[in-house]
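Take this structure first; my questions come after.
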Ligand code: G3P
Ligand code: CA
């Protein structure tokens, strides 16, 4: 049985401040196959990498991402909340990550989660797809979202890009929705991958990519179940 690919969840976020270049660099150093990150739009419509809709938890600022300009949001300290050792680390942009992925020796895959299940960022799908085209990175990208309408829009705009339907728990009709939006894979939690649902999804032709696995026993069960990707905050545990 082939081993699943390891993706660093928000970068190596167990050891470094999540969704920062520092966390992504560490993931690359460890030798992961890919990185997962979260994208939102700033007030001036720039693609910024951050998980929460508000900046409060992971920076020294307060307020919604959508109300900051890129200049203002990248002036925040995105490292101190995690450890004083990382004081002064800044948020980054999808452009910067793409430029980094094009550097020599960087062969990472990237799972871009569109963080649009709570807030509708108009034009987010178009902007991300345009940037992928600009950097010629389509072969290395997976787009996911908890919002199936957004993924349907991605598919409408691009017939070939890889789409992962991201589910929390096991929503009704998940397989039906995955088929309807022409997803290539399902991104789910371990519990559901290891249930009859996981079996049915794989039989229906959807590889499973699992978030967020930090436990070794769980990892082994998922390997035995034949999942395709493991997303973890601690890639050094499994790499
Ligand atoms: O993409 C998988 C996982 O990151 C989804 O949940 O809340 O960690 O973004 P969350
Ligand atoms: Ca995510």
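Inspect region 167-176 for any residue being within 14 Å of ligand 1 (Cβ to nearest atom) and touching a helix residue (DSSP H, G or I) at 6+ places or on another chain (Cβ under 6 Å) and give the result as yes or no.
Checked region 167-176: at least one residue is within 14 Å of ligand 1 (Cβ to nearest atom) and touching a helix residue (DSSP H, G or I) at 6+ places or on another chain (Cβ under 6 Å).
When you scan region 1-27, how many residues do you find that are buried (at least 19 other Cβ atoms within 10 Å of the Cβ) and within 16 Å of ligand 1 (Cβ to nearest atom)?
Adding up the residues that qualify gives 18.
Give 52, 60 a once-over and let me know the one that is assigned to a loop (DSSP other than H, G, I, E, B), within 16 Å of ligand 1 (Cβ to nearest atom) and without any contact (Cβ under 8 Å) to a residue 24 or more places away in the chain. Walk me through how you get there before you give the answer.
Values: 60 fails: within 16 Å of ligand 1 (Cβ to nearest atom).
One residue alone meets the criteria, 52.
Any idea which residue in region 28-47 is farthest from residue 129 (Cα to Cα), counting only those that are surrounded by 19 or more Cβ atoms within 10 Å (Cβ to Cβ) and touching a helix residue (DSSP H, G or I) at 6+ places or on another chain (Cβ under 6 Å)?
32
Surrounded by fewer than 20 Cβ atoms within 10 Å (Cβ to Cβ), modelled with pLDDT of 95 or more and within 23 Å of residue 188 (Cα to Cα): does that describe residue 144? Explain how you work it out, then say what you get.
Values: surrounded by fewer than 20 Cβ atoms within 10 Å (Cβ to Cβ): no; modelled with pLDDT of 95 or more: yes; within 23 Å of residue 188 (Cα to Cα): yes.
No.
I would also like to ask the following. So, in region 151-173, exactly how many residues are out of contact with any strand residue (DSSP E or B) (no Cβ under 7 Å at 6 or more places or on another chain), surrounded by 11 or more Cβ atoms within 10 Å (Cβ to Cβ) and either within 14 Å of residue 138 (Cβ to Cβ) or touching a residue at least 40 places away in the same chain (Cβ under 8 Å) (or both)?
2
Next question, about the same structure. When you scan region 68-167 for strands (runs of 3 or more DSSP E) that lie fully inside it, which ones turn up with 3 or more residues that are under 17 Å from the mean Cα position of the chain (by Cα) and farther than 22 Å from residue 9 by Cβ? It would help to see each step written out before you state the result.
Values: elements: 109-114, 141-145, 162-166.
Strands (runs of 3 or more DSSP E) meeting the threshold: none at all.
The values are calculated or read from the model by the stated rules, or taken from the named source; none is laboratory data. Every value quoted in this text rests on a predicted model; they were computed, and no experiment measured them. Note: ideal-geometry Cβ built from the backbone for every residue, glycine included; neighbour counts use all protein chains shown.
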